[in-house]
Structure formats: structure tokens, C-alpha cells
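Chemist: Would you mind keeping the following structure in view while I ask a few things?
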């Protein structure tokens, strides 16, 4: 498994539109066979900050995800909403080792 945390800060006036775009992308993403989980998290004390938690079944799944129409739509839709460029951090899953997904 590969887990990716994507950190995004959006412009205050774009929070609602960003949420909508992310939810549409997440709903389509979880239908992909290579994605085990796709969470959209909003920071409690700063609603302009989000973390997308993407759990991939293997290391090739992120590249396949980035080839989908829903990802391209999300990327192009949210780009002008970002206050700063998004960043990501990759993690390896240690426990649970079977993850149950």
C-alpha cells in the first residue's frame, strides 16, 4: 500500500467550491480498482486548509489515477482556487498489515 497526504490551502472565497470539487473527485476515485480509500479532510480550526488522504493498493495506482478524467477535471478546476501550491507526502503502511481493504 501507498498512502499519500495531499495538503491544500485554498482562498477563503473558494472553500465551498473546493469542497464540491473534491467530493466529486473522491466519489469517482473510490470506484477505481487501485484505490482502497480516498478521504477529504478539512482542518477544524482553519477551514481553508484541507488534507486529501489517498490510499493506493500498489505503487502504480497513483499514475493510473492521474490518467482519469475525474482527476484532470479536479486538477483544472481547483488550480485557481489554491492560495499556495499543493504539497504531498508519501507514506508506507505498517499497521494493520492487511489493512482490511
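The numbers here are math on the coordinates, done by the rules we state, and not lab data. Everything numeric here is computed off the predicted structure, so don't read it as measured data. Virtual Cβ from ideal backbone geometry, glycine too; neighbours counted across all protein chains shown.
Chemist: Given the -39500 (n - 2.57) contribution per DSSP H run of 4+ residues, what per-residue ellipticity at 222 nm results for the chain, rounded to the nearest 500 deg cm²/dmol?
Modeler: Working: 3 runs with 30 residues, N = 101.
Helices in the chain give a 222 nm mean residue ellipticity of -8500 deg cm²/dmol.
Chemist: Can you give the angle from 0 to 90° between the axis of helix 15-29 and the longest principal axis of the chain, with both taken from C-alpha atoms, to the nearest 10?
Modeler: Once rounded, the angle reads 20 degrees.
Chemist: Working from Cα positions, state the angle (0 to 90°, nearest 10) between the long axis of helix 69-78 and the longest principal axis of the chain.
Modeler: 30
Chemist: Further, regarding this structure: Taking Cα extents along the principal axes in Å straight from the coordinates, which label in (i) 41, 30, 20; (ii) 75, 32, 23; (iii) 44, 31, 20 is the correct one?
Modeler: So the calculated entry is the one marked (i).
Chemist: Then there's this: Taking the chain as a Gaussian network, Cα atoms linked when under 10 Å apart, which of 26, 83, 44 shows the biggest mean-square fluctuation?
Modeler: 44
Chemist: Same structure again: So for the chain, averaging the separation of alpha carbon pairs under 8 Å that are six or more residues apart and normalising by length, what relative contact order in percent results? Let's see the in-between values first.
Modeler: On the way: 154 pairs, mean separation 44.9, N = 101.
Once divided by the residue count of the chain, the mean separation gives 44 percent.
Chemist: How far apart, in nanometres, would the label points at residue 24 and residue 70 be if each is projected 7 angstrom from Cα along the Cα-to-Cβ direction?
Modeler: According to this spin-label approximation, the distance is 1.2 nm.
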